[in-house]
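Values in this text are rule-based calculations from the coordinates and carry no lab data. As the structure is a prediction and not an experimental result, all values here were calculated from the model. Quick reminder, even Gly has a Cβ in these numbers, built from the backbone with ideal geometry, and neighbours come from all protein chains shown.
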């Protein structure tokens, strides 16, 4: 799929790996939309760096685990660029504490950030992406979760993240953990 003038939304795209993905796509001529939860300074810095590469880009403050904010985010991207070709689900919060020290609220935040956010973004992207012939979804995790010592005892979650990370460097066709569009 030629990337020039395609549109990508990268959740959590203002720092770290998400920003790196944005820079790589921008270098290929992709128009970039970034989402961030709270760090406006990081978003402004990421936009400046992308613009220095000649990228057409903007950022939207949105909590990727909030259904209403995700709908607004997707609608904003469609209003601005008229389409969405690539969705990169990059948000993923980790709790590095053992289960015995983790509160229910902290665990719910991890689940919302890593699983609910992917579901919400994919669900919101279904309608606009179905209208287009070429579209890609990319789920990203920072590393093989089964190797994280604090998470080993959380087998189901680690297995989910490991499955999600198996295609982390490729823009792949939808996998079993990703809705078919």
How many nm separate the modelled label positions at residue 41 and residue 83, each set 7 Å beyond the Cα in the direction of the Cβ?
3.8
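Given a Förster radius of 25 Å and the C-beta distance between residue 109 and residue 58 as r, what FRET efficiency does 1/(1 + (r/R0)^6) yield to the nearest 0.05?
It comes out at approximately 0.40.
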Average projection area in nm² (convex hull over Cα atoms of the range 1-96, one quarter of hull surface):
6.1
What FRET efficiency would be calculated for the residue pair residue 5, residue 66, taking the C-beta separation as r and a Förster radius of 25 Å, to the nearest 0.05?
0.25
In nanometres, what is the gap between the two model label sites at residue 15 and residue 94, each 7 Å from Cα along Cα-to-Cβ?
1.4
As an exercise, find the ratio Rg/Rh for the range 4-46 from alpha-carbon atoms, using the Kirkwood inverse-distance average for Rh.
0.96
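Using the per-residue mean of other Cβ atoms lying within 10 Å as a proxy for protection, in what order, highest first, do the peptides 41-52, 9-20, 67-78, 99-110 fall?
Answer by packing, highest mean first, reads 9-20, 67-78, 41-52, 99-110.
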In nanometres, what is the gap between the two model label sites at residue 101 and residue 131, each 7 Å from Cα along Cα-to-Cβ?
4.9
